[in-house]
Amino acid sequence: MFEYSYRPVVLGDVDELAAVQTISDSRDGRTWATTPRQFEELLLKPHIDLGRDTIAATDASGMIVAFGFATYSHGDGVDPFVQLTGSTHPAHRGRGLGSHMVAHLETVGRDHLERNGVLQRGGIRTFVFEGDTNRGMLLAERGFTVVRISNEMSFTLPVVTEPRTVADVDIVGWDDVDVEDLYRVEQEAFRGQYAVEPMEFEEWTEHYTYPGFRPDLSFVALDEAGAVLGLSWNYVDAADFDVSGRKEGWIGQLAVSPAARGRGIGSCLCEHSFAAFRHAGLVYAMLTVDTDSSAGALGLYEGLGFERLHASAVYEKRFEPGTGPRR
């Protein structure tokens, strides 16, 4: 009989959380690293109440062997949801830990939705990497269904790249533009997209100064009057190199103002990113795309030569009136 204890996560757990996540990612075939600093940044976010929104399972020695978070997003009032994330150490799988954690977080998620008065409009969501089949089956048993597929895509950078040009459009560096103009265009470009929550300017600037962010590899498209038409926010996470065995640059966010779409600006920004990546000694360009994006992003990336490397499914659960999480 396996016995575990449960408690909320605390800030001092970040090293253990990263260790569990790393070994789980390796077992499931994920090719990226999650560092203690990334966990620390998550736990310090003001909307997360560690005592309410987190859970850790510890073994007899007190070591964390599984963890989970349930975080509420208001979705601009249109599509509010609770995001579930977490991981279980592979050596402790098959012992009921996953079922216990999901049941607990589902209850927390429902409480979030009820407390905010959006139970009938909101839902609970979580991502499942394609290699984690057991988690997918567990969620399906609890009434979750797959609603979206997200592809991680890869492009092998050519040795020599000459970026295309677009008439009456200038491509400049990230630091050459007022950050508030970048914020406005990025928010406009993704308004109404699935599971995208609008951010206040202060939160946006914090998000876009992610430790791996490379302003020297990021670009902005301007019209003749200097107005921002689009941007490519790019980053390099060197911690991933040892995991994937690949030198990768990530197009973390490609945004084009709706009024400027259809002119090749997105492709132009990507190709400037490719050239900068290659010059920086990187070999691959990477990105993640919602395959059902209404902006047609998948077709754009496939046209540029990106190929699917991995996929993740978005599982979602909605609550009918008078129902609650299955115990």
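Would you list the P(r) distribution for segment 55-205, with all Cα-Cα distances sorted into 5 Å bins from 0 and each bin expressed as a whole %?
Binned Cα distances yield the sequence 2, 7, 12, 14, 14, 13, 12, 9, 8, 6, 3, 1, 0, 0.
How are the alpha carbon pair distances in the chain distributed across 20 Å bins from zero to the largest one, expressed in percent?
29, 57, 14, 0
Express the C-alpha Rg of segment 94-156 as a ratio against the empirical globular expectation 2.2 N^0.38 Å, rounded to two decimals. It would help to have the intermediate numbers written out before the result.
Values: Rg = 14.4 Å, N = 63, 2.2 N^0.38 = 10.6 Å.
For segment 94-156, the normalised Cα radius of gyration is 1.36.
Just the number: Rg to Rh for segment 166-240, Cα atoms, Kirkwood Rh, two decimals. Intermediate values should be presented prior to the final figure.
On the way: Rg = 13.1 Å, Rh = 13.3 Å.
With Rh from the inverse mean 1/r over Cα pairs, Rg/Rh is 0.98.
Taking only the alpha-carbon atoms of segment 129-213, what semi-axes of the equivalent ellipsoid follow from 5 times the gyration tensor eigenvalues under a square root, in whole Å, largest first?
Details: eigenvalues 233, 94, 37 Å².
Here the semi-axes work out to 34, 22, 14 Å.
Describe numerically, in nm with one decimal, the distance between label points set 7 Å from Cα along Cα→Cβ at Tyr284 and at Arg261.
For the pair Tyr284/Arg261, the computed spacing is 2.8 nm.
State to the nearest 20 debye the size of the charge dipole of segment 116-231 about its Cα centre, where the only charges are +1 on K and R beta carbons and -1 on D and E beta carbons. Present the calculation step by step, with values, prior to reporting the outcome.
Details: 9 positive and 22 negative charges, 210 e Å.
Approximately 1000 debye in magnitude.
Please state the equivalent ellipsoid semi-axes for segment 153-312: what are the square roots of 5 times the Cα gyration tensor eigenvalues, largest first, in whole Å? Walk me through the numbers on the way to the answer.
On the way: eigenvalues 100, 66, 56 Å².
Equivalent ellipsoid of segment 153-312: 22, 18, 17 Å, largest first.
Take the alpha-carbon positions of segment 5-142, form their convex hull, and give its projected area averaged over all directions (one quarter of the hull surface) in nm².
8.4 nm²
We did not get these values from a lab; they are worked out from the coordinates using the rules stated. All of these numbers come straight from a predicted model, not from anything done at the bench. Every residue, glycine as well, gets a Cβ built from its backbone with ideal geometry; the counts of neighbours run over all protein chains shown.
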